[in-house]
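Trainee: Input: one structure, supplied below.
The values are calculated or read from the model by the stated rules, or taken from the named source; none is laboratory data. Owing to the predicted nature of the structure, the values given are computational and were not obtained by experimental measurement. Ideal geometry is used to build each Cβ from the backbone, glycine not excepted, and the neighbour counts take in all protein chains shown.
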Amino acid sequence: MDALDNILKRVSARELAEPHPTKSEMEKVYKAALRAPDHAWLRPSSFIEVKGDGLNKLSNIFLEYAKNQTDITDQIIQKYKNAPFRAPMIIILVNTFKEHPKVPAIEQKLSTATAAQNIMLALNTMNYSSIWRTGKLAFNKEIQKKLNLSDNQEILGYLYIGTSIGENKKIPNLDIDNFVSYL
């Protein structure tokens, strides 16, 4: 697949199923992720790969978090518990802030965000699909602790990964003039 065509045609899947990428395919995906812009080569990005029994462990973490919340419905508790099972593989995007005089925290987060985009594009070239999810389960100190992350680490989201089933979302035809201005 042509690189530009890959970018223009990538879309988040509606539903994901098996198969998910193999270990050797994921090695390439992670190498692509680590090619993201990274000022001062701080390497703020890391990833937690979740599949198989790991999905049950993540479900238990989400359930425990949900049960400790006030004013939460049983329906939402069930939604959190079931969330990991929407895909056969999840990559948890972790940003590790590293003190640096020229590289602020936001720039390090942006590096991890571009690593996530590289993951999604790499998967797309391999005919896998992905969905980037955030919400209350990301940027969450309680869940970070349950995943043994340090105080300087933050979950920027969850990439749900697998093979797209059903019809893909339609890619909107956007008018570039609504997004670009000239100086």
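Trainee: Please work out which residue is surrounded by the most Cβ atoms within 10 Å (Cβ to Cβ), limiting yourself to the range 52-76 and to residues that are in contact with a helix residue (DSSP H, G or I) (Cβ under 9 Å, 6 or more places away or on another chain) and of a type in the set (G, A, S).
Mentor: A66
Trainee: Which number in (1) in a helix (DSSP H, G or I); (2) closer than 10 Å to A115 by Cα marks the one condition that K28 misses?
Mentor: K28 satisfies every listed condition except (2).
Trainee: Condition (residue is assigned to a helix (DSSP H, G or I), touching a helix residue (DSSP H, G or I) at 6+ places or on another chain (Cβ under 8 Å) and surrounded by 13 or more Cβ atoms within 10 Å (Cβ to Cβ)) applied to the range 41-51: is it met by at least one residue?
Mentor: No: the range 41-51 contains no residue that is assigned to a helix (DSSP H, G or I), touching a helix residue (DSSP H, G or I) at 6+ places or on another chain (Cβ under 8 Å) and surrounded by 13 or more Cβ atoms within 10 Å (Cβ to Cβ).
Trainee: For the range 141-161, indicate whether the set of residues that are over 18 Å from A87 (Cα atoms), surrounded by 18 or more Cβ atoms within 10 Å (Cβ to Cβ) and out of contact with any helix residue (DSSP H, G or I) (no Cβ under 8 Å at 6 or more places or on another chain) is non-empty.
Mentor: Looking for residues that are over 18 Å from A87 (Cα atoms), surrounded by 18 or more Cβ atoms within 10 Å (Cβ to Cβ) and out of contact with any helix residue (DSSP H, G or I) (no Cβ under 8 Å at 6 or more places or on another chain), one finds at least one in the range 141-161, hence yes.
Trainee: Consider A115 against the criteria (1) under 25 Å from K169 (Cα atoms); (2) over 16 Å from the mean Cα position of the chain (by Cα): it satisfies all of them except one. Which criterion is unmet?
Mentor: Evaluating A115 over (1) under 25 Å from K169 (Cα atoms); (2) over 16 Å from the mean Cα position of the chain (by Cα) leaves (2) as the failure.
Trainee: I need every pair where a residue in the range 1-24 that is surrounded by 11 or more Cβ atoms within 10 Å (Cβ to Cβ) has its Cβ under 6 Å from the Cβ of a residue that is aromatic (F, W, Y), sequence separation at least 6 or different chains.
Mentor: Here the result reads L16/Y160; P21/Y128, each pair linking the range 1-24 to a residue that is aromatic (F, W, Y).
Trainee: Identify all residues within the range 77-98 that are assigned to a strand (DSSP E or B) and surrounded by 18 or more Cβ atoms within 10 Å (Cβ to Cβ); write none if there are none.
Mentor: Correct list: M89, I90, I91, I92, L93, V94, N95.
Trainee: Now for a separate question. Does I106 satisfy the condition of being under 18 Å from N140 (Cα atoms), part of a loop (DSSP other than H, G, I, E, B) and either among the acidic types (D, E) or without any contact (Cβ under 8 Å) to a residue 60 or more places away in the chain (or both)?
Mentor: Criteria not met by I106.
Trainee: Taking the range 31-40 as the search range and keeping residues that are of a type in the set (G, A, S) and in a helix (DSSP H, G or I), which one is nearest to N82 (Cα to Cα)?
Mentor: Among those that are of a type in the set (G, A, S) and in a helix (DSSP H, G or I), it is A33.
Trainee: Could you list, in sequence order, the residues of the range 149-177 that are within 18 Å of the chain's Cα centre (by Cα) and either modelled with pLDDT under 95 or not small (G, A, S) (or both)?
Mentor: L149, Q153, E154, I155, L156, Y158, L159, Y160, I161, T163
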